[in-house]
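Encoded as structure tokens, the structure appears first; notes follow it.
The values are calculated or read from the model by the stated rules, or taken from the named source; none is laboratory data. Worth saying up front: this structure is predicted, and the values here are computed from it rather than measured. Positions of Cβ are generated from backbone atoms using ideal geometry, with glycine treated the same way; all protein chains shown enter the neighbour counts. These accessible areas exclude ligands, DNA and RNA; they are computed on the full protein's heavy atoms, side chains included. Shrake-Rupley method; radii C 1.70, N 1.55, O 1.52, S 1.80 Å.
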Amino acid sequence: MNLRKILIAAFACALISLGALSLVGCASSSADAPSSQSGGMRTITDAYGRTVELPAEVDSAATVGSAARFVVYAGGQDKLIAVTEMEKDPGMNRPYTMAFKDLFASLPSTSNGNHLMETSVNVEELIRIDPDVIISSRSAEECDQLAQDSGIPVVGISYQNQLFSDDVIASIRCTGEALGTQEHAEGVIEHLQSWQASLKERGEAARAALKAQGQPEPTVYVGAINYKGAKSWGGTYAHYAPCEAVGALNVADGMGQAGAVDVDLEQIAQWDPDFMFLNAGNYDLLKQDYDQNPAFFQSLTAFQDGDICTQPFYNFNGTNVDTGVCDAYFIGATIYPEQFADVDLEDLYAEVYEVMLDGFDFYGLMQQNGMGFTRFPSFEESAS
């Protein structure tokens, strides 16, 4: 009888020991599992309203289209493991590529980087490098297709020709949520909303003052705006976002169109705008046309009053929100000087770029390269 009790006790001890070993094995397996399994999954909503399931912690990201711009805005560039061919070719017309040119140069490319035109994506390379998430500026349908082809979650953003829109805010926010940089992203959004409110308030105050004095609103023409190639005087833009941000009266808005528009010199003469803001990058084209007919241009009100200004173009393979905000302040301060008299524009430009580019002094780089927000160089010299 005593022997039987001893055998039962020994058997029970053996079972307990086996159970303990089993628990140790489970604990070991759980500790070795990737974060998507140990930390679970989470869902976010992207700029298109798509629900995207992501690992609880995202450590790596690749971009398609021009999405790296918004990765920088959201402060998540350190998590990039692949960008596009265009990002590896930095240019002053894309501030974010200059701010992180060394980082981008060190990364592989997985697509050609076209923002709105046909995009070539190397799905096999994306699968090989296996990022936790892909951030794409392409359409919702293309995001769905890429997610299906690659098996990698794709977060879509949308922001073409927009500065303070719901799309821009949603794109920064969902990028920050995807990459775990929400605090940085929300800080950028707060600055954007503050700039938006300031521009709107100052513009409204200026127009109220003009109305009280019985004076007309100044008219604005934006020229030499590139669209499918470089443009001269006739390349303009209806519902130009920097003008709309401050409420400036853009003469092209009366055409009943939106976006890039080509007009002839006769149309410009009919409008006879008070102020002209021109893309300085196309100075050679502008100067060539001016030299052929200087009398025509000198007959325009903006020429006679010396109100020909530069306007760094803010759209290049997607929208440089930072440059667009600076353009809006420059337009506002030029046409409504009293309402912007308390704004130190040099400090403002520097602040905008530093906030949007995670501390990078792009405005200083602009000044070193002879770029800025100023009156346009004279067209009269060497006119034929």
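Values computed for the structure shown
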{"read-out": "Counting DSSP beta bridges with both ends in the stretch 206-354, the antiparallel % (nearest 5)", "value": "35"}
{"read-out": "Expected 222 nm ellipticity per residue - DSSP helices of 4 or more, -39500 (n - 2.57), all of the chain, to 500", "value": "-14000 deg cm²/dmol"}
{"read-out": "Angle in degrees between helix 345-356 and the longest Cα principal axis of the chain, rounded to the nearest 10", "value": "30"}
{"read-out": "Residues with amide H under 5 Å from that of residue 157, placed H, sequence gap 5 or more", "value": "136, 137, 138"}
{"read-out": "Rounded to 10°, Cα long-axis angle of helix 140-150 versus longest principal axis of the chain", "value": "40"}
{"read-out": "Accessible surface of residue 344 - all protein chains present, 1.4 Å probe, nearest 10 Å²", "value": "80"}
{"read-out": "C-alpha long axis of helix 166-179 to longest principal axis of the chain, angle in °", "value": "30"}
{"read-out": "Relative contact order %, the chain, counting alpha carbon pairs below 8 Å whose residues are six or more apart", "value": "14"}
{"read-out": "Surface accessible to a 1.4 Å probe, per residue, for the residues of the chain, Å²", "value": "46"}
{"read-out": "Over 24 Å (Cα to Cα) - which of 211/231; 200/231; 79/101 fall in this group", "value": "211/231; 200/231"}
{"read-out": "About the Cα centre, charge dipole magnitude for the stretch 310-378 (Lys/Arg +1, Asp/Glu -1 at Cβ), debye", "value": "400"}
{"read-out": "In Å², nearest 10: area of residue 255 left accessible to a 1.4 Å probe", "value": "60"}
{"read-out": "Carbon/sulfur fraction of accessible area - the chain, other protein chains in place, 1.4 Å, %", "value": "50"}
{"read-out": "Cα centre as origin, Lys/Arg/Asp/Glu Cβ charges: the chain dipole, Debye", "value": "1500"}
{"read-out": "Heavy-atom accessible area order for 127, 81, 135, largest first, 1.4 Å probe", "value": "127, 81, 135"}
